[in-house]
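The structure appears right after this line, and notes come after that.
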Amino acid sequence: MTHYTTFQIKRDGPVAHVVLSRPEVKNAFDDVLIKEMSGALEAIAHDDSIRVMVLTGDGNVFSAGADLNWMKKVAGYGFEENVEDALIFARMLESLYRLPKPTIARINGACIGGGVGLVSACDVAVSVPDAKFALREILLGIAPSAISPYVLRKIGERYAHDYFLTGRTFDANRAREIGLVNEVVERELLDAEVDVWVKRFLHAGPKGIAATKKLINRVAWSSIEDVQEYTARTIASLRGSDEGREGFAAFFEKRKPDWDTEG
């Protein structure tokens with residue numbers, strides 16, 4: 001597997017653990033990490049041996065968001081150069097959001113700014129109780145712009161007006177209440193809870209998961225009329241697929257389908 005300088009990828013069978021590894025800046029990201037992550041996500045998307053991705057941070061910090069030294073540098077760019085730089089980050093987030101594999105954010109500590117964006121682009125999130133969250137861009141005179149489509153999908157407009165506009169910090173339990181986080185568990189139980197989610201996803205058909213993620217993304221913000229044909233075509237293609245036939249056969253034969261390696 002490709003070597004990356006800003007994060008590690010650790011394989012555990014069908015699971016890829018992506019560990020942000022810039023402890024000197026609390027796992028903040030810069031242009032190098034963004035470009036490397038974009039390449040890694042593309043590789044994971046096309047690797048059939050990977051069925052689940054877990055995203056976390058090195059040490060006791062998830063991510064401090066954007067590296068302020070990088071932000072200071074890009075502040076000196078011209079407008080068009082700034083647009084292109086922001087688009088690279090936006091496209092990386094979209095790649096994470098649209099990854100055809102289940103993604104789990106393992107929140108092991110502070111999750112700030114763009115770190116909240118990474119969490120929001122994942123399918124589910126599990127956090128330790130002492131993790132702190134904040135969207136502090138407004139306190140720097142900017143906005144959580146590139147991450148906003150994903151954060152809004154998680155927490156909705158009501159809470160965005162609060163946390164986007166104040167930059168105030170909130171804890172893991174509040175993150176769960178507003179929809180950013182699925183589970184909050186004690187630190188010693190974090191890996192066990194992540195493993196519970198991994199096993200849930202491994203019970204499901206991988207092609208079915210890819211199609212269902214695409215379905216959610218397409219249907220969630222559309223009118224019923226606009227997606228009716230799309231939903232019909234999706235179920236028709238899945239019912240007639242090899243995976244669909246295997247799923248039905250396994251159900252009627254009272255056995256596990258061939259993709260289910262979990263008990």
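The values are calculated or read from the model by the stated rules, or taken from the named source; none is laboratory data. Predicted model, so just to flag it, every value in this text is computed and none were measured. No Cβ is skipped: glycine too gets one built from the backbone with ideal geometry, and neighbour counts run over all protein chains shown.
Each row is one residue, and each column tells you yes or no for (1) within 12 Å of Phe29 (Cα to Cα); (2) in contact with a strand residue (DSSP E or B) (Cβ under 7 Å, 6 or more places away or on another chain).
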site: Asp48; (1), (2): no, no
site: Asn60; (1), (2): no, no
site: Ala64; (1), (2): yes, yes
site: Asn69; (1), (2): yes, no
site: Leu96; (1), (2): no, yes
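Among the residues of the range 201-210, the ones that are surrounded by fewer than 16 Cβ atoms within 10 Å (Cβ to Cβ) and either among the β-branched types (Val, Ile, Thr) or within 17 Å of the chain's Cα centre (by Cα) (or both) come to 0 in all. Within the range 1-57, the residues that satisfy the criterion of being acidic (Asp, Glu) and either touching a helix residue (DSSP H, G or I) at 6+ places or on another chain (Cβ under 9 Å) or assigned by TED's automatic domain parsing to the domain that holds Ala210 (or both) are Asp12, Asp30, Asp31, Glu42, Asp48. On inspection, Leu118 qualifies as of a type outside the set (S, T, N, Q), buried (at least 24 other Cβ atoms within 10 Å of the Cβ), in contact with a helix residue (DSSP H, G or I) (Cβ under 8 Å, 6 or more places away or on another chain) and in the same structural domain as Glu36 (by TED's automatic domain parsing).
Determine, yes or no, whether Ile44 is at negative phi and out of contact with any Leu (no Cβ under 8 Å at 6 or more places or on another chain).
Against the criterion (at negative phi and out of contact with any Leu (no Cβ under 8 Å at 6 or more places or on another chain)), Ile44 does not qualify.
Evaluate the range 163-171: report whether one residue or more is in the same structural domain as Ala86 (by TED's automatic domain parsing), modelled with pLDDT of 95 or more, assigned to a strand (DSSP E or B) and in contact with a strand residue (DSSP E or B) (Cβ under 8 Å, 6 or more places away or on another chain). Checking the range 163-171: at least one residue is in the same structural domain as Ala86 (by TED's automatic domain parsing), modelled with pLDDT of 95 or more, assigned to a strand (DSSP E or B) and in contact with a strand residue (DSSP E or B) (Cβ under 8 Å, 6 or more places away or on another chain). The residue of the range 60-104 that is farthest from Ser21 (Cα to Cα), among those that are out of contact with any Ser or Thr (no Cβ under 9 Å at 6 or more places or on another chain) and small (Gly, Ala, Ser), is Gly78. If you go through the range 41-66 and keep only what is crowded, with 18+ Cβ neighbours inside 10 Å, over 20 Å from Cys111 (Cβ atoms) and not β-branched (Val, Ile, Thr), you end up with just Arg51. Answer yes or no as to whether Gly240 is modelled with pLDDT under 90, under 25 Å from Ala45 (Cα atoms) and not assigned by TED's automatic domain parsing to the domain that holds Asp48. So Gly240 passes the test.
Looking at the range 30-143, the helices (runs of 4 or more DSSP H) lying wholly inside it that each contain 2 or more residues that are under 30 Å from Asp258 (Cα atoms) sit at 31-45, 79-97. None of Phe79, Phe89 is among the aromatic types (Phe, Trp, Tyr) and under 16 Å from the mean Cα position of the chain (by Cα) except Phe89.
Condition check ((1) touching a Lys or Arg at 6+ places or on another chain (Cβ under 6 Å); (2) free of Cβ contacts under 8 Å to residues at least 24 places away in the same chain; (3) not acidic (Asp, Glu)) across all residues:
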| position | (1), (2), (3) |
| --- | --- |
| Met92 | no, no, yes |
| Ser95 | no, no, yes |
| Gly115 | no, no, yes |
| Cys122 | no, no, yes |
| Val128 | yes, no, yes |
| Ala131 | no, no, yes |
| Gly141 | no, yes, yes |
| Ser145 | no, no, yes |
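Taken over the range 211-232, the criterion of being over 26 Å from the mean Cα position of the chain (by Cα) and exposed (fewer than 11 other Cβ atoms within 10 Å of the Cβ) is satisfied by Ile224, Glu225, Glu229, Ala232.
Which of the following residues is within 22 Å of His46 (Cα to Cα), among the charged types (D, E, K, R) and modelled with pLDDT of 95 or more: Arg91, Arg158, Arg106?
Being within 22 Å of His46 (Cα to Cα), among the charged types (D, E, K, R) and modelled with pLDDT of 95 or more holds for just one of Arg91, Arg158, Arg106, which is Arg91.
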